[in-house]
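In what follows, a structure is listed as C-alpha cells, so that the remarks can point back to it.
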Amino acid sequence: MLDIKFIRENLELCKEAAKNKNRDVDWKGLLALDDKRRELIGKIETLRAERNASSVKRQASSVKRGKEIKQELKALEEELRGVEEKFGLLMLTVPNVPDKSVPVGKDSSGNKTVKTWGKIPEFTFPAKDHIELAKSLDLIDFERGAKVGGFRAYFLKNEAAQMEFAVLFYTFQKLIKKGYTPLIAPSLVRDFTLFGNGQFPWGREEVYHLEKDDLYLAGTAEVPVTAYFSGEVLEEKNLPKKFVAFSPCFRREAGSYGKDTKGVYRLHQFNKIEQVIISTNDMSTSFTLHEELLANAEEVLQDLELPYRVLLMCTGDMGEPQVKKYDIETWMPGRNGYGETMSNSVMGDFQARRLKIRYKTKDGKTLFCHTLNNTAIASPRILIAILENYQQSDGSIKVPKVLQQYVGKKVIKR
C-alpha cells in the first residue's frame, strides 16, 4: 500500500505506474473519499475539543450542549467508518511504483535478459522430455495422480521422490549456513496475510478458499513469513531479518487453462523453499539485499550445473506490489527453451504498510520496514530441468553431484 500523502504529492507518477502495470484505479473516487475523510476527521476533532471545554465549565447550558455533541459525534463517527472502509478498499487497488531501472512493457515481451550462465547441452541422440523420462524410469505417475487428485495432480516415485527431498534439503541447508533463520511455514492462512502481501484483491481467483473455516491455502511461504511480524514494532539494530522457509504451496492456476497442461511444470500443489527478508526503510540497502537474494538462487542452480538466464521483468509482467523484480529461467530441453524456476522481488514498504510492520530507528523515529522475497527452489518444476539436462543416450539420468549423497546413487536407470 502506498501512503496517501505520497499519492497526492506524486499523483501523475502513481497514475503512470498503474497504467504501466495494466491496472485501473478509480483515482477520482479515491481522492474524493480522502477529502471527505479529512473533512469528517476535522469536524470530529473540533467537536471533541468543544466537548472537553464544556466538561470543564459544568454549567446547565454546557451539559445540554454536551449531549448534543455526543449525538453529533456518534453520527459523524459512523459516517467516517463508512467512508474509511470505502477509502481503504480503493487504496488496496493502487499498485506500487516501479523503480526507474524497470523497463516499461505490456507483457513478457518487454522483459530484458540481463545475464546467462552455463552451457546448453547438445545431445547426440533424440532427447526426451521429462514426461517420457519419468514414465520410462518409473519416476512420476501422472495417470494415478489424476485419478486420485484430479487435473494437474501427480505422484512422485522412487528416485524422483528422493530427489525432491534432496534438492529442497540441500537448498535449505545452504541458506541456513548463510545465516538465514530456518522456518517451516503454515500453508493455511488468514485473509489479512494475502491482502498484506498484495495478492488480494488482484489475484483472489488464484487462491483456494476453505469457506467453512474462512482460511486460505497459500501459494508461497512469502505469504505467511512476510506476515510473521505483522502489527509489530521491531528494533533497527535487529534488522535485517533473513528467513529461509519451507512450505507446501497451492495454486488454482485459474488463469492458465490450456497452458502447460502436461507434465509437472504448472501444478496445483508443489513444495518450495522461499527466502524472505524484512529490512530497514532504505531503498539502497534493499536493492543490495535484492542482489543478494538473486545471487543465492543463482548459486543453487550453479551447484546443480543447470544453464539459466536472469530476466529483469518489465512493468506489465512484474506484479502489483513489486518495485523491481527478477525472474530466473532454467534451460529445459523438452521445451527447447527456458522455463521460469525462481522469482526475486523487492517491495519497498508496500507490504509492510498493509501488514503494519514497523521499526524504531536509532534516533527514535518509527518507520515502516521494507520487504523482499525470492524463490530459492521449487519442486517438482526444478526436476524437469534436472531430468532433461542430465539424461543419457541409454535412457538413464545422472544425478547432480551435490545431490548424490541424498539420493544414494550417481545414475538413475532401470
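At a glance:
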| quantity | calculated |
| --- | --- |
| Rg over Rh [alpha-carbon atoms, Kirkwood Rh] for the chain | 1.08 |
| Protection-proxy order for peptides 139-145, 348-354, each taking the mean of Cβ atoms within 10 Å per residue, highest first | 348-354, 139-145 |
| Average Cα contact separation per residue, the range 217-348, under 8 Å, 6 or more apart, as relative contact order % | 20 percent |
| Inter-label distance for E77 and F151, nm, one decimal - labels placed 7 Å from Cα along Cα-to-Cβ | 5.1 nm |
| Value of relative contact order over the chain, rounded to a whole percent, pairs C-alpha under 8 Å and six or more apart | 20 percent |
| Rounded to 5, the percent of DSSP beta bridges in the range 108-412 classed as antiparallel | 90 percent |
| Mean Cβ neighbour count within 10 Å, used as a protection proxy, ranking 15-23, 167-175, 366-374 highest first | 366-374, 167-175, 15-23 |
| Separation of the A254 and E340 label points, Cα + 7 Å toward Cβ, nm | 1.7 nm |
| Highest average packing first - 203-213, 235-245, Cβ atoms within 10 Å | 235-245, 203-213 |
| At 0.692 mPa s and 37 °C, Stokes diffusion of the range 291-340 via Kirkwood alpha-carbon radius, µm² per second | 276 µm²/s |
| Overall Cα dimensions of the range 227-322, principal axis frame, Å, largest first | 49, 34, 29 |
| Dimensionless Rg/Rh of the range 26-91 - Kirkwood Rh, Rg from C-alpha atoms | 1.15 |
| Entries of K212/K259; K115/K410; K119/K324; K178/K241 with Cα pairs more than 19 Å apart | K212/K259; K115/K410; K119/K324 |
| Length-normalised contact order of the range 269-414 in % [C-alpha pairs under 8 Å, at least 6 apart] | 28 percent |
| Leading residue at positive end of dipole, the chain (Cβ point charges), from L183, N374, Q269 | L183 |
| Kirkwood hydrodynamic radius of the range 121-242, Cα pairs, Å | 18.2 Å |
| Value at 222 nm in deg cm²/dmol, rounded to 500, when DSSP H runs of n ≥ 4 in the chain each add -39,500 (n - 2.57) | -12500 deg cm²/dmol |
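Since every read-out is calculated from the coordinates, none of them should be taken as a lab result. For clarity, every value in this text was computed on a predicted model and none was experimentally measured. For neighbour counting, all protein chains shown are included, and Cβ atoms are generated from backbone atoms with ideal geometry for every residue, glycine included.
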